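Visitor: The structure follows.
The values are calculated or read from the model by the stated rules, or taken from the named source; none is laboratory data. Computed from a predicted structure; not experimentally measured. Note that each Cβ is placed from the backbone with ideal geometry, even for glycine, and that neighbours are counted across all protein chains shown. These accessible areas exclude ligands, DNA and RNA; they are computed on the full protein's heavy atoms, side chains included. Shrake-Rupley method; radii C 1.70, N 1.55, O 1.52, S 1.80 Å.
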Protein chains: 2
Amino acid sequence: MLTVDQKAEPGVSAEQLPLLLGDLVTVANRLTRLAAQSTESAESPAVWRTLSTLVSLGPVRLGELARQSRVSQPTMTKIIRNLDQVDWVKRIVDVDDGRAWQIAITPKGEKALHDWRDTLAEALVPHFSDLAADELEHLIEATRILQQRVAVGTLLSKRDDA
Amino acid sequence: MLTVDQKAEPGVSAEQLPLLLGDLVTVANRLTRLAAQSTESAESPAVWRTLSTLVSLGPVRLGELARQSRVSQPTMTKIIRNLDQVDWVKRIVDVDDGRAWQIAITPKGEKALHDWRDTLAEALVPHFSDLAADELEHLIEATRILQQRVAVGTLLSKRDDA
DNA sequence: GCATAATGCATAGCCAAGCTATGTATATAA
DNA sequence: TTATATACATAGCTTGGCTATGCATTATGC
């Protein structure tokens, strides 16, 4: 019976997966808009995404930060210039390479990110506070799965590194 | 036992929900970037989001479209101007109100959206094709839940309409 | 019916996040 | 040493965001 189940499931995902992905990406973008509008944040998702990456990875090269954020290097240069100006990140000379910078989040940047997350939670909780336990479980697991799958370098083939 | 379970769950969600929402919004934004980068789409998420809304809702007023997309009206005016120029949407005189327009998606726009979704699926499937059946189930359910919750007008309190 | 207020959309102006192309300095390879 | 590659900055462009304002139409109040 387990063998039969395993044979059946790949077929299901092969049929459902493409449709799911379209819906998933669309609703993800809607959620991003909901977050932006409900927090009335003066900063953009790119800012929070960048700061989150620095918290997760620690100090990292500017180019690597761009890669992790899935944006071009000049875009990241611009984002960092803005964040540097408000002291949310700092540039550290990379002693191993005279061309490179290490970018690190500052305590001020960590606080800003923390504040944003608090504001976000407060704004969004009313949309989700009546979730049933199993629904909440789905969201928790889906978040975990997505975090794993969107992480840079996890593609099954080498295409993601191309 | 059911009563005990129900009493326990609200407490869990009250503690976990804020943290989950921060992670969820962050990963949603990452997914949007993954989608944009892997499809190499010349169009932005705002375009696909707008076209998707028109498919879902049918012809709708420009201002209502802005509201459904959670952007300001002038922003939507700009987006529609671009979509009108490439014949992905059409403007229809609103016979009930001389100030208003009805905006509808064209067959050409529907095809463009369909093509994008195909391209998206093709690009993203390698990231998700090895999902276990239960993982896939979590994503499917989470997508359904999010679609419900980000829909305009579903907030528990009236704040979303303010 | 007329005056006033409200509404729907367009325009204006600004900013930030995206991109590709190019430039400059440094590091690596031959 | 020279040629090539790499890391980041700059330049220029576009689009999606915003608020403020303008204009025409509609709704409301008297």
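Visitor: Mind checking which pairs have a first residue in the range B:46-71 that is in contact (Cβ under 8 Å) with a residue 12 or more places away in the chain and a second that is acidic (D, E) and open to solvent by less than 20 Å² (accessible area, probe 1.4 Å), Cβ under 9 Å, 6 or more apart or different chains?
Guide: B:R61/B:D94
Visitor: Which one is nearest to the other protein chains (Cβ to nearest Cβ) among residues in the range B:16-52 that are hydroxyl-bearing (S, T, Y) and closer than 16 Å to B:D115 by Cα?
Guide: Out of the qualifying residues, it is B:S52.
Visitor: Quick one: in the range A:92-106, which of the residues that are open to solvent by less than 40 Å² (accessible area, probe 1.4 Å) and in contact (Cβ under 8 Å) with a residue 24 or more places away in the chain is farthest from the other protein chains (Cβ to nearest Cβ)?
Guide: For the range A:92-106, the residue satisfying everything is A:D94.
Visitor: When the residues of the range B:32-45 are filtered to those that are of a type in the set (G, A, S) and without any contact (Cβ under 8 Å) to a residue 12 or more places away in the chain, which remaining residue is nearest to A:R33 (Cα to Cα)?
Guide: B:S44
Visitor: If I filter the range A:41-52 for residues that are open to solvent by 30 Å² or more (accessible area, probe 1.4 Å), among the acidic types (D, E) and in contact with a strand residue (DSSP E or B) (Cβ under 7 Å, 6 or more places away or on another chain), do I get at least one hit?
Guide: The answer is no; no qualifying residue exists.
Visitor: Related question: Exactly one of (1) open to solvent by 20 Å² or more (accessible area, probe 1.4 Å); (2) assigned to a helix (DSSP H, G or I) is unmet by B:L34. Its number?
Guide: B:L34 satisfies every listed condition except (1).
Visitor: Just for helices (runs of 4 or more DSSP H) wholly inside the range B:61-162: which have at least 3 residues that are closer than 25 Å to A:L34 by Cβ and within 16 Å of DNA strand D (Cβ to nearest atom)?
Guide: Helices (runs of 4 or more DSSP H) meeting the threshold: B:62-69, B:73-85, B:107-128.
Okay, residues lined up against (1) open to solvent by 10 Å² or more (accessible area, probe 1.4 Å); (2) touching a helix residue (DSSP H, G or I) at 6+ places or on another chain (Cβ under 7 Å):
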position: A:K108; (1), (2): yes, no
position: A:H114; (1), (2): yes, no
position: A:R117; (1), (2): yes, yes
position: A:L124; (1), (2): no, yes
position: A:F128; (1), (2): no, yes
position: A:L131; (1), (2): yes, yes
position: A:R144; (1), (2): yes, no
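Visitor: Here's something else I'd like to know. I'd like the full set of residues that are aliphatic (A, V, I, L, M) and away from DNA strand D (no atom under 11 Å from the Cβ), limited to the range B:37-60.
Guide: B:L54, B:V55, B:L57, B:V60
Visitor: Further question on the same structure: Report yes if some residue within the range B:1-19 is within 18 Å of the chain's Cα centre (by Cα) and either at pLDDT 95 or above or part of a helix (DSSP H, G or I) (or both); otherwise report no.
Guide: No.
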